[in-house]
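The values are calculated or read from the model by the stated rules, or taken from the named source; none is laboratory data. The model shown is predicted, which means the values in this text are computed figures rather than measured ones. For neighbour counting, all protein chains shown are included, and Cβ atoms are generated from backbone atoms with ideal geometry for every residue, glycine included.
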Amino acid sequence: MALGHRYKTRPRPVNGVCKKSAPKSEDLVSPKLPRPRRIHSFNTATIQDRPSSPQALTARLVTRAETKKLIVEPKPPQEQPQGDSPSAIIPATTSGEQVANSQIQKDLEAKYHPDNTQRREHGPVLKLTTRNLKTLQRQLNSPSTEMNPSSAARGGQRGGGKRGGKRGGKSRARTTRTEVTPDLPEERTTKTTTTWMSPARYRYGVLEKVKIFIQYMAPPADIHSKLAAIFNREISNERLSEISNVAKHMSKEFARVIRANYREDDWNEVVISALKALDTGSEFGFARKACIVLSNTLTENMVRVLTFDLDFNPNLKPKLPSLLPVNNEADNTSDRPTKRRRIETPSGSSSDTPQTEAMESALEEPVVVIKTPRPDCTIGLAHDTVAHALLDRGIDELQVDSLLSTLESEHFLYSNPVGDMALLRFPTLVIEGKAYSTGKTPFEAENQAAGAASCMINLYQKLTDVHNCHVPSSPLEKIAPLAFSITFVGPTIEVSVHYTVVKNNVTAYHMSVLDVYCATVLKHLEALVMVLEQIMRWNKEDVLPEIASQLAAIAKGR
């Protein structure tokens, strides 16, 4: 080798970084290395900008220190790869670096294995705060209880998810606020928002707002005299023997459900079975809170089970009392034109149309704040019983069906408040029970019974209004009707009476507990069955004739 000859050695990179040669058909603009993109997945790293010209085959080594620096250095989050698009890539200049990159990948997987925490750092995750929940609720336009399953479950465990709530997921009363969009009747949309509150707040903050009061004191003198006429009727010895047998059967059934963790419906069936045993003539109808229908619309070996919730008609719920001065002449329903008369009026004399009627009703109707009742069982007169009573007054069965269905379609009289799935009319008794092992209290059962009884009272008052509207020549005086309820939690049973008190043209609904019975004492059960017998007898002997006479007058006056 000649003296002074020097070998041309490969330039050593400084800090592991060498200059990048210009790609094919591109001019070298800057010797700086372009900033590589962040690695989102180490298992899918590829090589970018692979040179195709021999001039660009300068080797570039990526050291572990540089890779650590790129990973630790904070970078703004970038869009995740979608579909078949390439994943996060590392710029390189030679195809011979695949082996080196695979070695780097193994080292990174050993030291910096990605976990769920690292992936969540750059995801668009919002904190679970009240403000964010409200914002999301406004965007989705849905109730807060259905917005987020995790938050809804947490709210049930910690008292609704608010600060200061109690643990244990205790029951809450539900109030429903309905907003009606003024439009055509067939196009009206209803927006419902459901919130949950404690039974105490529901009673003192919601029920009392619509003048529903639950009190543990004797009813007024006029109501007391009506109760005396109902419960002081003579009963034959044969009927007393039947009542004693029913009480003994109830005692055995209650002893059976007390010994085990039975459901609420099992407790209700004990009382319902006793009432059905007293109804020897099948003159009453019983509607449970859920109706199960078997439909054989499928194949021969398959049956479809349909379940319907028998809620009361919401139009029967008490309204908020009006704050405007009441005009007695304007309240006379006999002077008001009916809906049919207003529609048949010529356009020159009246501008009422279905659209304007819907808008007026939506704007003028007060907001209903109480929960729509769904009693465990509703007891009323059977449809055939009412039809037979009207047949004695010259109204055949077809006319009865047409009359009652027409009054319901015109939204004047809801004789069957639970719908067509149960064949009963004009109920006067409801049952609200709670299982013994659920930790429920009579407080909640009384709230539910008070709301349902107010709807039954409004039904009888609407019957008088319809009678006075169609028979103005012989109007009837509005007499405060009575309703009854049976509430129990386990073996403790209460029988209550519901009535109205009118002061300054404002109707208040009152509930008074008549007596409390213990289902484990046979004498108490005999007294309870005696009271139930008198209530059912009062329905057949007093309530049914009054209903039949008013319906017959309405049918003849139409």
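So is Val531 at pLDDT below 95, of a type outside the set (Asp, Glu) and outside any loop (DSSP other than H, G, I, E, B) or not? Considered against the rule, which asks whether it is at pLDDT below 95, of a type outside the set (Asp, Glu) and outside any loop (DSSP other than H, G, I, E, B), Val531 comes out as no. The listed residues are His498, His467, His411, and the only one of them that is of a type outside the set (A, V, I, L, M, F, W, C) and closer than 23 Å to Gln534 by Cα turns out to be His498.
Filtering the range 515-528 to residues that are touching a residue at least 60 places away in the same chain (Cβ under 8 Å), under 17 Å from Leu275 (Cβ atoms) and not acidic (Asp, Glu) leaves Ala519, Leu525, Leu528.
Count of the range 258-282 residues, restricted to those that are within 31 Å of the chain's Cα centre (by Cα) and over 26 Å from Gln534 (Cβ atoms), is 8. The lone criterion from (1) over 17 Å from Lys319 (Cβ atoms); (2) touching a residue at least 60 places away in the same chain (Cβ under 8 Å) left unmet by Pro481 is number (2). Remark: pairs (first residue in the range 458-473, within 18 Å of Asn313 (Cβ to Cβ); second residue surrounded by fewer than 21 Cβ atoms within 10 Å (Cβ to Cβ) and among the polar types (S, T, N, Q); Cβ separation under 7 Å; 6+ apart in sequence or on different chains) = Leu463/Gln550; Asp465/Thr333.
When each of Ile212, Ile243 is tested for being in contact with a Phe, Trp or Tyr (Cβ under 8 Å, 6 or more places away or on another chain), in the same structural domain as His524 (by TED's automatic domain parsing) and at pLDDT 90 or above, the lone residue that passes is Ile212.
Being buried (at least 22 other Cβ atoms within 10 Å of the Cβ) and small (Gly, Ala, Ser), is that true of even one residue in the range 470-478? The answer is no; no qualifying residue exists.
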